[in-house]
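The values are calculated or read from the model by the stated rules, or taken from the named source; none is laboratory data. Predicted model only: the values in this text are computed from it and were never measured. Cβ sites come from the backbone with ideal geometry, for glycine too, and all protein chains shown count toward neighbours.
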Ligand code: GLU
């Protein structure tokens, strides 16, 4: 049996990081077992689903490197098949037509609420002769759910979960307008797509019982289920905007690397001893459902930033140059790109995100513009004479980090200055800040003409 998982988002909004983690777990589980990872866009709610949201989901998955192994299945295109299965259930006697009017159903609900009972359908058409159907009422199709016994879900994360069948009423599978209900559509699709494992958020746990009932009624083998705990904010409340970024593309905006976000999400709810840094290949090797915990996990933005810094330092310089140049709007500028290349090893040591990296690199793209921070201005004032004194040497020295290093050390020794008294005013003049990579590298990256021009400007 080929393992096949699916990620089944509803395109009604952004790709939330909870959804991204669900996709990641499905992807890793499939890869670990040599299986396939599929995508199903659950767009049956036509009023709330949008093409833009679908695009955002596809982009987000693509950015995270969670590309499905087959073209996405759009649930809305399968309505005829959903209806066909509903009619097959009718033919098997496992479903029946219900002719209740909306008014009758509303009354049933109101009575249940008044009597403090859960609002369940009372099964009034379950055994009634369809010949008694009122004229002009289009019927819905309901599942003839078992009335005694239990529905048992052997969940791969939650353990065995069971519900008494008296708790579940005869749900509608096909509405009176012929459209499928969501729970029914999911079952038909999971069956037809040959999904072997459904890994999803535990907010869907109670749906599983009803879905299992449909599988059983059709005589189909149900997939294995794994319901993973949701992600909460650091305060334990349901993750929301006020906790910070929650949309995957927002994390991209804020300068996180996809591999860092994936590593972070992997560790959020799944563990392998104390291992923190688990790149994709290792994750595929190690991931399995027995490592998924049962407690809700908490989003920790500081930890994510730390992890991002680790991945940033390990990232290929050329890739970071492209990212930073794009953020600085200088992608086409060969001179600036060369400077970025030269200084990237030093720059990436200090940054936690691409946003920080771009900010630290901005002086390579644009000359600094006053006003500066008071500390920077103070260095410029203190170093004015020194800058004049060192200028002739900058004209003569070869612009390599090594030659510049030797020249700076000699200059400091000869003029009785500490190295910092030379480096800090230079930094201030060149970058408008006091935090650049080593000054010899910074000078070399900017190049002689630019260095002299910037010193002359102050
Ligand atoms: N479409 C559902 C959602 O977006 C997922 C359903 C499922 O995974 O079965 O939450």
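Return the only residue of 412, 385 being more than 28 Å from residue 348 (Cβ to Cβ) and either in contact with a strand residue (DSSP E or B) (Cβ under 7 Å, 6 or more places away or on another chain) or free of Cβ contacts under 8 Å to residues at least 12 places away in the same chain (or both). Even if it seems obvious, please write down each step before you answer.
Details: 412 fails: more than 28 Å from residue 348 (Cβ to Cβ).
Being more than 28 Å from residue 348 (Cβ to Cβ) and either in contact with a strand residue (DSSP E or B) (Cβ under 7 Å, 6 or more places away or on another chain) or free of Cβ contacts under 8 Å to residues at least 12 places away in the same chain (or both) holds for just one of 412, 385, which is 385.
Can you find even one residue in segment 252-268 that is closer than 26 Å to residue 28 by Cα, within 14 Å of the ligand (Cβ to nearest atom) and at pLDDT 95 or above?
Start the filter on segment 252-268 by keeping residues that are closer than 26 Å to residue 28 by Cα, which leaves 252-268.
If we keep only those that are within 14 Å of the ligand (Cβ to nearest atom) too, we end up with none.
Within segment 252-268, none of the residues are closer than 26 Å to residue 28 by Cα, within 14 Å of the ligand (Cβ to nearest atom) and at pLDDT 95 or above.
Say whether the condition of being out of contact with any strand residue (DSSP E or B) (no Cβ under 7 Å at 6 or more places or on another chain), on the phi > 0 side of the Ramachandran plot and loosely packed, with under 15 Cβ neighbours inside 10 Å is met by at least one residue in segment 211-219. Give the derivation first.
Keep residues of segment 211-219 that are out of contact with any strand residue (DSSP E or B) (no Cβ under 7 Å at 6 or more places or on another chain), which gives 211, 215-216, 218-219.
Okay, now just the ones that are also on the phi > 0 side of the Ramachandran plot, so 219.
If we keep only those that are loosely packed, with under 15 Cβ neighbours inside 10 Å too, we end up with 219.
Within segment 211-219, one or more residues are out of contact with any strand residue (DSSP E or B) (no Cβ under 7 Å at 6 or more places or on another chain), on the phi > 0 side of the Ramachandran plot and loosely packed, with under 15 Cβ neighbours inside 10 Å.
(1) out of contact with any helix residue (DSSP H, G or I) (no Cβ under 8 Å at 6 or more places or on another chain); (2) surrounded by 23 or more Cβ atoms within 10 Å (Cβ to Cβ): which one isn't true of residue 17, the others all being true?
Condition not satisfied by residue 17: (1).
Examine segment 208-219 for a residue that is under 25 Å from the mean Cα position of the chain (by Cα) and within 16 Å of the ligand (Cβ to nearest atom), and state whether such a residue exists. Step through it out loud before you land on a result.
Residues of segment 208-219 that are under 25 Å from the mean Cα position of the chain (by Cα), as a first pass: 208.
Filter once more, keeping what is within 16 Å of the ligand (Cβ to nearest atom): 208.
Yes, segment 208-219 has at least one match.
Restricting the search to segment 91-112, which residues are loosely packed, with under 11 Cβ neighbours inside 10 Å and modelled with pLDDT under 95? Lay out the reasoning, then the answer.
First, pick out the residues of segment 91-112 that are loosely packed, with under 11 Cβ neighbours inside 10 Å: 91, 93, 102-103.
Result: 102, 103.
For segment 279-323, which positions are more than 17 Å from the chain's Cα centre (by Cα), exposed (fewer than 15 other Cβ atoms within 10 Å of the Cβ) and under 22 Å from residue 230 (Cα atoms)?
Those that are more than 17 Å from the chain's Cα centre (by Cα), exposed (fewer than 15 other Cβ atoms within 10 Å of the Cβ) and under 22 Å from residue 230 (Cα atoms): 288, 290, 291, 293, 294, 295.
How about segment 249-270: which of its residues are touching a residue at least 24 places away in the same chain (Cβ under 8 Å), under 30 Å from residue 161 (Cβ atoms) and in a helix (DSSP H, G or I)?
Residues satisfying the conditions are 262, 264, 265, 266.
Somewhere in segment 20-32, is a residue more than 14 Å from the ligand (Cβ to nearest atom) and surrounded by fewer than 22 Cβ atoms within 10 Å (Cβ to Cβ)?
For segment 20-32, residues more than 14 Å from the ligand (Cβ to nearest atom) and surrounded by fewer than 22 Cβ atoms within 10 Å (Cβ to Cβ): present.
Regarding segment 42-49, can at least one residue be identified that is at pLDDT 95 or above and away from the ligand (no atom under 14 Å from the Cβ)?
no
State whether one or more residues within segment 81-88 are surrounded by fewer than 19 Cβ atoms within 10 Å (Cβ to Cβ), closer than 23 Å to residue 184 by Cβ and within 12 Å of the ligand (Cβ to nearest atom).
No: zero hits.
Any residue at all in segment 59-73 that is in contact (Cβ under 8 Å) with a residue 60 or more places away in the chain, within 14 Å of the ligand (Cβ to nearest atom), under 30 Å from residue 140 (Cβ atoms) and buried (at least 16 other Cβ atoms within 10 Å of the Cβ)?
Yes, segment 59-73 contains a residue that is in contact (Cβ under 8 Å) with a residue 60 or more places away in the chain, within 14 Å of the ligand (Cβ to nearest atom), under 30 Å from residue 140 (Cβ atoms) and buried (at least 16 other Cβ atoms within 10 Å of the Cβ).
Filter segment 34-54 for residues that are free of Cβ contacts under 8 Å to residues at least 40 places away in the same chain, buried (at least 18 other Cβ atoms within 10 Å of the Cβ) and either out of contact with any helix residue (DSSP H, G or I) (no Cβ under 7 Å at 6 or more places or on another chain) or closer than 17 Å to residue 185 by Cα (or both) and give the result.
39, 41, 43, 49
Kindly indicate whether any position in segment 14-26 is under 22 Å from residue 139 (Cβ atoms) and in contact (Cβ under 8 Å) with a residue 12 or more places away in the chain.
Taking segment 14-26 first, the residues under 22 Å from residue 139 (Cβ atoms) are none.
No, segment 14-26 contains no residue that is under 22 Å from residue 139 (Cβ atoms) and in contact (Cβ under 8 Å) with a residue 12 or more places away in the chain.
Does segment 151-170 contain any residue that is away from the ligand (no atom under 16 Å from the Cβ), crowded, with 21+ Cβ neighbours inside 10 Å and either within 33 Å of the chain's Cα centre (by Cα) or touching a residue at least 12 places away in the same chain (Cβ under 8 Å) (or both)?
yes
Among the residues of segment 220-240, count how many are within 16 Å of the ligand (Cβ to nearest atom), under 24 Å from residue 143 (Cα atoms) and without any contact (Cβ under 8 Å) to a residue 40 or more places away in the chain.
Total satisfying the criteria: 3.
Look through segment 180-201, keep the residues that are under 23 Å from residue 97 (Cβ atoms) and in contact with a strand residue (DSSP E or B) (Cβ under 7 Å, 6 or more places away or on another chain), and return whichever of them is surrounded by the fewest Cβ atoms within 10 Å (Cβ to Cβ).
181
Keeping to segment 338-350, report how many residues are surrounded by fewer than 20 Cβ atoms within 10 Å (Cβ to Cβ) and more than 30 Å from the chain's Cα centre (by Cα). Show your work before the answer.
Filtering segment 338-350 down to residues surrounded by fewer than 20 Cβ atoms within 10 Å (Cβ to Cβ) leaves 338, 341, 345-346, 349-350.
Pick out the ones that are also more than 30 Å from the chain's Cα centre (by Cα) and you get 338.
Going through segment 338-350 one residue at a time, the tally reaches 1.
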